[in-house]
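Okay, so here's the structure we're looking at.
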Amino acid sequence: MVESLALVETSRVDSKGRVLIPQHMRQIAGILPNDKIILSLGKDANEITLRPAHEKKLLRLVIEISDRPGALAAAAAALAELKVDLVSSYSHSSKRGEVANWVVQCNPGNQSIQKIKARLAAAKARLLSASWD
């Protein structure tokens, strides 16, 4: 069995934190100027992965949840019931054991922000903000 080889390149971070993705890599990945890119930091914080975001506009939700087991799952289930497509998310405790924030980038489909807010409220989560990226 032959494994496919990954392309590996070295680039530099400039003074503004920008990284140049070599042209041939952008072409292979289908990344065009002004495309959105999703960045993910690895668990050990020693690897950053980037991938194209296929959606041109993403809705960014900041959701307050209880910092207790099951609260994130309940909020995620509420969005799933509305068929909101989660593209990326992360959560962090604001007050350990009390309150956490869940930040979601999503494609809401035909769901309104008000409908999302109401469904989250039914799941005991509070929509703090919603903005288009």
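The values are calculated or read from the model by the stated rules, or taken from the named source; none is laboratory data. The structure presented is a predicted model; accordingly, all values stated were derived computationally and were not measured. FYI the Cβ positions are ideal-geometry reconstructions off the backbone, even for glycines, and counts take in every protein chain you see.
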Checklist entry - Can you name the residue in region 97-111 that is under 13 Å from R60 (Cα atoms) and among the polar types (S, T, N, Q) and is also surrounded by the fewest Cβ atoms within 10 Å (Cβ to Cβ) among such residues? => result N101
Checklist entry - List pairs: first in region 64-81 and within 9 Å of L120 (Cα to Cα), second β-branched (V, I, T) and at pLDDT 95 or above, Cβ under 6 Å, 6+ apart or cross-chain? => result A75/I63; A75/I65
Next on the checklist: Would you confirm, using the coordinates I've provided, whether L59 is touching a residue at least 60 places away in the same chain (Cβ under 8 Å) and under 15 Å from I38 (Cα atoms)?
Outcome noted: yes
Checklist entry - Across region 94-110, what is the total count of residues that are over 20 Å from S40 (Cβ atoms) and not charged (D, E, K, R)? => result 6
Item to check | Candidates S11, S15 - the one that is loosely packed, with under 11 Cβ neighbours inside 10 Å, of a type in the set (S, T, Y), out of contact with any Phe, Trp or Tyr (no Cβ under 6 Å at 6 or more places or on another chain) and part of a loop (DSSP other than H, G, I, E, B) | outcome: S15
Checklist entry - Does any residue in region 109-121 that is hydrophobic (A, V, I, L, M, F, W, C) come within less than 8 Å, Cβ to Cβ, of a residue that is surrounded by 12 or more Cβ atoms within 10 Å (Cβ to Cβ) and in a helix (DSSP H, G or I) six or more places away or on a different chain, and which pairs are these? => result I116/L79; L120/A75; L120/A78; L120/L79
Next on the checklist: With the structure loaded, tell me whether S129 is at pLDDT below 95 and under 25 Å from L41 (Cβ atoms) or whether it fails that test.
Outcome noted: no
Checklist entry - Counting only residues that are part of a strand (DSSP E or B) and among the β-branched types (V, I, T), which one in region 96-133 is nearest to I38 (Cα to Cα)? => result V104
Checklist entry - When the residues of region 39-64 are filtered to those that are outside any strand (DSSP E or B) and basic (K, R), which remaining residue is farthest from Q105 (Cα to Cα)? => result K43
Item to check | Matching entry among S93, S89 (being touching an Asp or Glu at 6+ places or on another chain (Cβ under 9 Å), part of a strand (DSSP E or B) and under 27 Å from S131 (Cα atoms)) | outcome: S93
Checklist entry - Of L20, L41, L61, which residue is surrounded by 10 or more Cβ atoms within 10 Å (Cβ to Cβ), in contact with a Leu (Cβ under 7 Å, 6 or more places away or on another chain), aliphatic (A, V, I, L, M) and closer than 26 Å to W132 by Cα? => result L61
Checklist entry - Regarding R51, is this residue under 30 Å from S112 (Cα atoms), in contact with a strand residue (DSSP E or B) (Cβ under 7 Å, 6 or more places away or on another chain), at pLDDT 85 or above and among the basic types (K, R)? => result no
Checklist entry - What residue, among those in region 22-38 that are part of a loop (DSSP other than H, G, I, E, B) and in contact (Cβ under 8 Å) with a residue 12 or more places away in the chain, is farthest from R51 (Cα to Cα)? => result P22
